[in-house]
Every structure is written in C-alpha cells, then in structure tokens.
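These notes concern the structure reproduced below.
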Amino acid sequence: MTATYLTSVFQPGIFDNKIVFCTGGAGTICRRQVEALVILGANAVIVGRKKEVTEKAAAEIQQLRNGCKVIGLSVDVRDYKALQEAVARSVEEFGKIDYVICGAAGNFLADFRHLSSNAFKSVVDIDLLGSYNTVKAAQDQLIQNKGTVIFVSATLHYYGVPFQSHVGAAKAGIDALSNALAVELGPFGVRFNCIAPGPIDGTEGISRLLPKGMKERARKLVPLQRFGTIDDVANATVFLFSPASSFITGATIVVDGAAWHTGQQIALPYPESILDSDELGFASPSKSKL
Ligand code: COA
C-alpha cells in the first residue's frame, strides 16, 4: 500500500487509452501540457487556427512515444460548427474523448482608452466563447466517458491589472463558467478545473507581452525569484487529469510562484505608465476606428 507512494511522481502509462482534445495545442504552454499527457500514455488531438503550424506540432508530439497517435486540426474556436466537426473527427479517429483542455487564447497589451470595441470582443470571443464552444461541442463525449476539463485561465482578474482589461474580463468569465459547469455536470461525473499560469518563461507572455527591458524586474517580483516553466504548468495538468485529483472539481490551481500576491503584474510604474500610455507603443492599431 505505502509502496505506491514511494515511486516517481508520475507513473508511465497512467494515461494509457485516454484521449485528450486540446485547443491552442500548438502554443507553447498547451503543447507542453499535451506532450506530458502523451508521454504518460495518452493519444491526442490538438486544435489550432494555423493549419500548417498545428499539423507540424502534432507530428512532432507524436514522436515522443512509440505507438502514440496525435492529430492536428485547423479550427478557429470562435466557429462552433468547426469545433463540432473537429470533435466528430476525433471520435472517428480515436473512438472517444476523455480529457479536454481549453487553451486557445488571444492577448495583447492595450490601454483601455485605445482598446476598440472589436479588439475587446475578439479576445472575449476567443478566450471565453471559444472555451464555451469547446466544452459544448464535446459535452456528449465528456458525459459518456465521465471526462475531465481544464481551462487555461490567468490571475489578471484577481485585481485590476492595467492594459489587460479585455483578457481579465474574458478569464473571469472562464472561471465562472468552470465553477458553474462543475456544479451542473458534476452529477454526470464530469470534472472542471482551471489552471491559472503566472509569468512562464519561453512564452509569448514573457517575450511579447512584457514591456521591453522589464524582464529582470518582473522576475524579481515573483516571490520564488524565478519565472515558471512550461513543465510547471504541465505538472499541474497531469495532476488534474490523474486519479490523484478525483475529488477536485470547480477549483483553480494557480501556477505563478505567488506572483499575483505582490499586486505588480505589469512591472511598470503606476500611475505613470497609465498617464504616459500613448508613449508605450501598445495603443490600438485602429485608433481611427474608435
Ligand atoms: N492592440 C490593440 N488592438 C489590437 C491589437 C493590439 N496589439 N491587436 C489586434 N487588435 C485589435 C484589432 O485592431 C481589431 O480591432 P479593430 O477592428 O477595431 O481594428 C481587433 O483587435 C481584432 O483584430 P484582428 O487581428 O482582426 O483579430 P483576429 O481575430 O484575427 O485576432 C488576436 C485576434 C488577439 C488573436 C490577434 O490580435 C493576435 O494575433 N494576437 C497575437 C497572438 C496571440 O494573441 N497569441 C496568443 C498567445 S498569448
């Protein structure tokens, strides 16, 4: 009995015969989540907007374990019909779906004064509506297989983070969706949880969204004094899909080294950065349309 706890953290084969369906699966964080599951036995379908990028990522992930199968499908998560077709294709290929990761997201820094209505809508549509569309399209499979869903959320809405009103609003909606679905579909045996990554090294969040010259300051603002790694997020993912979390649903695991507790997620001086935001270079490309 005790011996089962004295092995390595994750057992090879714990996800044998499991099928994961992941949106945004060619992106840095979600790709690593899928890779971890595949290495531990799962087969996978990854969904992304760019056909070539998605298919290439799928082919590369498939190399990670002998005999595994990973397919890449080109779908915009804002297109519900396309997601239904992707789910049908996955079931045709693998017979079922056990796990869903809603990871497709859009982000850019924009101060509210220059954020257009369409820009706000684009992010809410990709992040929140796209997450809804994904679960909705997969609901029969999730209920049939007592599946598990992970939403990739954020910590931006835990307090007011400037230049991220669009993303914070979308992610707050995702958290609400996850909680409600945990209650509504719990009786069917389906679990819903969120992972909220903080600053994760090697991602667009660090390379594109962190203002220039701010990397070292941002790192020091993480209480653990390092950025997260994509493996940190993948480890939380493995836990949440594994039987070790079988009584955990409607929860959020924050993977951020306690960064959000410092209340300084943009690492820029406040309020100067707001008052000078015209100079920061991330105003909307379509100011004229506002
Ligand atoms: N700042 C402010 N507004 C922006 C913007 C930016 N950096 N980038 C896009 N927008 C606005 C556009 O101007 C447009 O609004 P408008 O019609 O008022 O001009 C609106 O957002 C939609 O932009 P568009 O590029 O047509 O939308 P899309 O649906 O093709 O893509 C994103 C939306 C968010 C995916 C796109 O902006 C993008 O490619 N972002 C970078 C990649 C990314 O987000 N990756 C996710 C990893 S974090």
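In the range 100-115, of all residues being within 13 Å of GLU204 (Cβ to Cβ) and not hydrophobic (A, V, I, L, M, F, W, C), the one that is surrounded by the most Cβ atoms within 10 Å (Cβ to Cβ) corresponds to GLY103.
Can you say whether ILE274 is at pLDDT below 95 and surrounded by 12 or more Cβ atoms within 10 Å (Cβ to Cβ), as far as the supplied structure shows? Yes, satisfied. Among the conditions (1) touching a Gly at 6+ places or on another chain (Cβ under 9 Å); (2) within 16 Å of the ligand (Cβ to nearest atom); (3) of a type outside the set (A, V, I, L, M), THR229 misses just one, which is (2). Residues that are within 21 Å of CYS30 (Cβ to Cβ) and in contact with a Cys (Cβ under 6 Å, 6 or more places away or on another chain) do not occur anywhere in the range 106-123.
A quick yes/no check of all residues on (1) modelled with pLDDT under 95; (2) among the aliphatic types (A, V, I, L, M):
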site: ASP111; (1), (2): yes, no
site: LEU128; (1), (2): no, yes
site: PHE151; (1), (2): no, no
site: SER165; (1), (2): no, no
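Determine whether the range 48-58 contains at least one residue that is under 18 Å from the mean Cα position of the chain (by Cα), part of a strand (DSSP E or B) and either at pLDDT below 95 or not hydroxyl-bearing (Ser, Thr, Tyr) (or both). Yes. Screening the candidates ASP76, ASP111 for the property of being within 16 Å of the chain's Cα centre (by Cα) and more than 30 Å from GLN11 (Cα to Cα) yields one hit, ASP76. Among the conditions (1) touching a helix residue (DSSP H, G or I) at 6+ places or on another chain (Cβ under 7 Å); (2) farther than 28 Å from ILE97 by Cβ, the only one that ALA259 does not satisfy is (1). Is it true that LEU37 is in contact with a Phe, Trp or Tyr (Cβ under 8 Å, 6 or more places away or on another chain), part of a helix (DSSP H, G or I), in contact (Cβ under 8 Å) with a residue 40 or more places away in the chain and surrounded by 22 or more Cβ atoms within 10 Å (Cβ to Cβ)? Answer is yes for this residue.
Just one residue in the set LYS69, LYS51, LYS56 is at negative phi, within 16 Å of the ligand (Cβ to nearest atom) and not β-branched (Val, Ile, Thr); that residue is LYS51.
Of all residues in the range 72-85, one or more are over 16 Å from SER131 (Cα atoms) and surrounded by 18 or more Cβ atoms within 10 Å (Cβ to Cβ). Among the conditions (1) in contact (Cβ under 8 Å) with a residue 60 or more places away in the chain; (2) within 16 Å of the chain's Cα centre (by Cα); (3) over 27 Å from SER117 (Cα atoms), the only one that THR229 does not satisfy is (1). With respect to LYS96, determine if the residue is surrounded by fewer than 20 Cβ atoms within 10 Å (Cβ to Cβ), more than 30 Å from SER165 (Cα to Cα), of a type in the set (D, E, K, R) and at pLDDT 95 or above. Judged against the criteria, LYS96 is a match.
For the range 98-194, please list each of the helices (runs of 4 or more DSSP H) lying entirely inside it that holds at least 2 residues being away from the ligand (no atom under 15 Å from the Cβ) and not hydroxyl-bearing (Ser, Thr, Tyr).
It comes to 130-144, 165-185.
Of the candidates ILE174, ILE143, ILE150, the single residue that is surrounded by fewer than 21 Cβ atoms within 10 Å (Cβ to Cβ) and among the aliphatic types (A, V, I, L, M) is ILE143.
The values are calculated or read from the model by the stated rules, or taken from the named source; none is laboratory data. Predicted model, so just to flag it, every value in this text is computed and none were measured. Because the Cβ atoms are built from the backbone with ideal geometry, glycine has one as well, and the counts that use them run over all protein chains shown.
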